[in-house]
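**Student:** Before I ask anything, here is the structure I am working with.
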Amino acid sequence: MSGICGIVSLDSVPPQGDRVERMTSSLEHRGPDGCATWHGPLASLGYALLDTTDGTVNDVQPCTLDGRSWIVADARVDARDDLLASLAGAGEAAARHATDAQLVLHAWRAWGEHCVDRLIGDFAFAIWDAPRRQLFCARDHLGVKPFFYSHSSGRLVFASALDVLRREGGVDNALDELAIADFLLFESSRERGSTVYREIRRLPPAHCLALSPRGVRLRCYWQFASAGLVPARRDAECLEQFDSLVATAVADRVRSRRVSVLMSGGLDSPALASFSLRQGKDVHAFTSVYDRIIPDEERHFSTLAARQLGIAIRHVPSDDYGLFENYAELAFNFPEPANAPFAAADRDLYAAAAGHSRVVLTGWDGDAILAESPRPYFATLASQRRWLALSGALLRFGAENPGRAARSVWLRVRRRAAVFAQPRHFPAWLNKDFESRLRLRERWADAAQPAQGPDPLRPAALRVLRRLHGIDDFFDAVDASPLRLPVEMRHPLFDLRVIRFCLSLPPVPWCIDKQILRRWLRGRVPEAVRLRPKTPLRGFPHLSAPARPGAIRPGPYTPCDAAAAYLDRGKMASLAAEMDPAISWANLRGPALDLWLRHVRAA
């Protein structure tokens, strides 16, 4: 990802251009292809470029169209032709070869703050409008691009990297204890916009920020809408539209000759490799595999898929990585605490992919949008007394899923089934004073309550998507730029156009076990891959990881003095015996926080 930063001072204090120069230099690991700054009377902006277009786009930033408004943007604008047409209709002429940043600036001139309603893609940007004395910032709908800021007394400092803001932005480094508590309890903050530092905020996904002499104003400009039943479509029409939308999503994300794909032996990532090949790209696949410590068939099935697709594949074995191995070396990858015990393995996988292309495609998250139980669909048809449609759906489900009786599904729709939640275990290793002072047991209990009622048609999809949308740092887990790798992860199945289409599909037949994708893949991958059932890992690497030099075990473990303010040293010493996979994974949060405090906080 490219890097952006800036300082705006609306009071009498100058915007500290020298500080922006240092921030921009510190972003060079995100953008190794050139850094530049711009300084005005009230604002200074910085940009570090990561070129993902093979040099075909002259993306010079900070940039302006008229000398009045300036922009820095880490942005990929999709549906460019549609946006150009809308701009022309609004009287704003933009050149077809305009850069993504220039398109955003044109949209700002045409629609002001409502420009975000017209943008599709992954973006984080800041626009300084000098005549209005206004700074306008926005983050994309799903939060793929990061954006951090700190505001006090008419001064706002921002950057696309938290550590740059902390070290070079002149921001207070005091920790937010509630954010630390949320990490230990849930692995992510429940407070929108918070970070582990009290004075540094994260702009949530689908939010925009405006700074003016009246102060700072935040606004949510988009959220997931419930799916609704749509008129029946022919099978061929559904497949054609799916093909067109995913092909467009891939084309918008791959503007280079080469592309790497993180490819498993499942369905989603081989499909993306196939789409990329069809567009004439040089595709290489990269797969993380286990050969010894747990049963794993990914090497076999990914090889079958790559062989039929005719692409090179490299398998990166993960058996020999210990828990939190080489943490001190990788500490810069964790500007905030993260339960990432296999970060070293991720680094090596991403480095392999970066060796082929600066653009890496992932298959996130086909499971969320393409897999659904038929029961809510049947119940919705019944509640609307659409008996003909219901009988047709039941018959088709029974015919296409002979191993699953449609009648039994319908009977369960009519009954109110009991919901058995998995047991939840409050961590026993929290410092008791910390737990009591922040009332963490009450916070734990409150988090167990559903935030919204279930969607009547696509409850599983909307539950997952809303959950992910509520995690402000969800995509940080696959941001390779802190690893000092010149590569950007992109997620075509998280394209808004693809999501909207998939949520509009009737679950029967299309979203039963990803049937639309399985139908599309016929003839493109081997039948053994196409018909393979959903297969999660059959073991738990964090329970089987080898004890290696430079790695840790979850216990016995003695936290440092700083971590002891949050962790009970006596309880931390007894964690090694825990073999329940979910509990043992949660137990790793304590060592993760301790390592972060030792290696990052102290830096």
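**Student:** Give a residue-ordered list of calculated ³J(HN,Hα) values for segment 311-328 (Karplus: 6.51 cos²θ - 1.76 cosθ + 1.60, θ = phi - 60°; whole Hz; x for Gly, Pro).
**Tutor:** Karplus-based 3J(HN,Hα) across segment 311-328 equals 10, 6, 9, 10, 9, 10, x, 10, 5, 9, 8, x, 5, 6, 4, 6, 4, 4 Hz.
**Student:** Here's something else I'd like to know. What whole number of Å gives the distance from the Cα centroid of segment 251-281 to the Cα centroid of segment 17-86?
**Tutor:** Between the Cα centre of segment 17-86 and that of segment 251-281, the gap is 27 Å.
**Student:** Provide the percentage of antiparallel DSSP beta bridges, counting only those with both residues in the chain; round to the nearest 5.
**Tutor:** 75
**Student:** Please compute, over every Cα-Cα pair in segment 232-314, the percentage with a separation greater than 18 angstrom.
**Tutor:** It works out to 48 percent of all Cα pairs.
**Student:** To continue, here is another question. Scan segment 45-120 for trypsin sites (Lys or Arg not before Pro) in coil per DSSP, keeping those whose Cβ has at most 15 other Cβ atoms within 10 Å, and list them by number.
**Tutor:** Filter output for segment 45-120: 68, 96.
**Student:** Work out the charge dipole of the chain with +1 on the Cβ of Lys and Arg and -1 on the Cβ of Asp and Glu about the Cα centre, then indicate which of 52, 8, 388 is farthest towards its positive end.
**Tutor:** Positive-most Cα among the choices belongs to 388.
**Student:** If you find the alpha carbon centre of segment 462-479 and of segment 142-189, how far apart are they in angstrom?
**Tutor:** So the two Cα centres are separated by 17 Å.
**Student:** OK, next. Report, as a whole number in µm² per second, the diffusion coefficient that Stokes-Einstein gives for segment 541-601 at 20 °C and 1.002 mPa s using the Kirkwood radius over alpha carbon pairs. Kindly include the intermediate steps, with their values, before the conclusion.
**Tutor:** Working: Rh = 11.9 Å.
D, rounded to a whole number, is 180 µm²/s.
**Student:** Residues with beta-carbon under 15 Å from that of residue 439, excluding residue 439: net charge, scoring Lys, Arg +1 and Asp, Glu -1?
**Tutor:** -2
**Student:** Here is a further query. Counting other Cβ atoms within 10 Å, keep those with at most 14, restrict to DSSP loop, and tell me which trypsin sites (Lys or Arg not before Pro) in segment 503-570 are left. Walk me through the numbers on the way to the answer.
**Tutor:** Details: sites: 514, 518, 519, 522, 524, 530, 534, 538, 569; in loops: 514, 524, 534, 538.
The qualifying sites are 534, 538.
**Student:** Out of all DSSP beta bridges in segment 115-194, what portion is antiparallel? Express it as a percent rounded to 5.
**Tutor:** On the way: 11 of 11 bridges.
Within segment 115-194, antiparallel bridges account for around 100 percent of the total.
**Student:** Going down the list 534/571; 432/534; 145/571; 145/514, which pairs span over 30 Å between their C-alpha atoms?
**Tutor:** Values: 534/571 38 Å; 432/534 42 Å; 145/571 38 Å; 145/514 28 Å.
Distance filter (> 30 Å) returns 534/571; 432/534; 145/571.
**Student:** Could you tell me what a quarter of the Cα convex hull surface of segment 44-97 works out to, in nm² with one decimal place?
**Tutor:** Working: hull surface 18.2 nm².
Average projection, Cα convex hull of segment 44-97: 4.6 nm².
**Student:** While we're here: Output the antiparallel fraction of DSSP beta bridges having both residues in segment 155-312, as a percent to the nearest 5. Don't skip to the answer; put the middle values down first.
**Tutor:** Working: 8 of 14 bridges.
Expressed as a percentage, antiparallel bridges in segment 155-312 total about 55.
**Student:** What are the residues whose amide H is under 5 Å from the amide H of residue 314, where those residues sit 5 or more places off or on another chain and H is modelled from the backbone?
**Tutor:** Hits under the 5 Å cutoff: 285, 286, 287.
**Student:** Let me ask another. For the chain, I need the span (max minus min coordinate) of the C-alpha atoms along each principal axis, in Å, sorted largest to smallest.
**Tutor:** Principal-axis extents of the Cα atoms in the chain, largest first: 73, 68, 48 Å.
We did not get these values from a lab; they are worked out from the coordinates using the rules stated. The model shown is predicted, which means the values in this text are computed figures rather than measured ones. All Cβ positions, glycine included, derive from the backbone under ideal geometry; neighbour counts span all protein chains shown.
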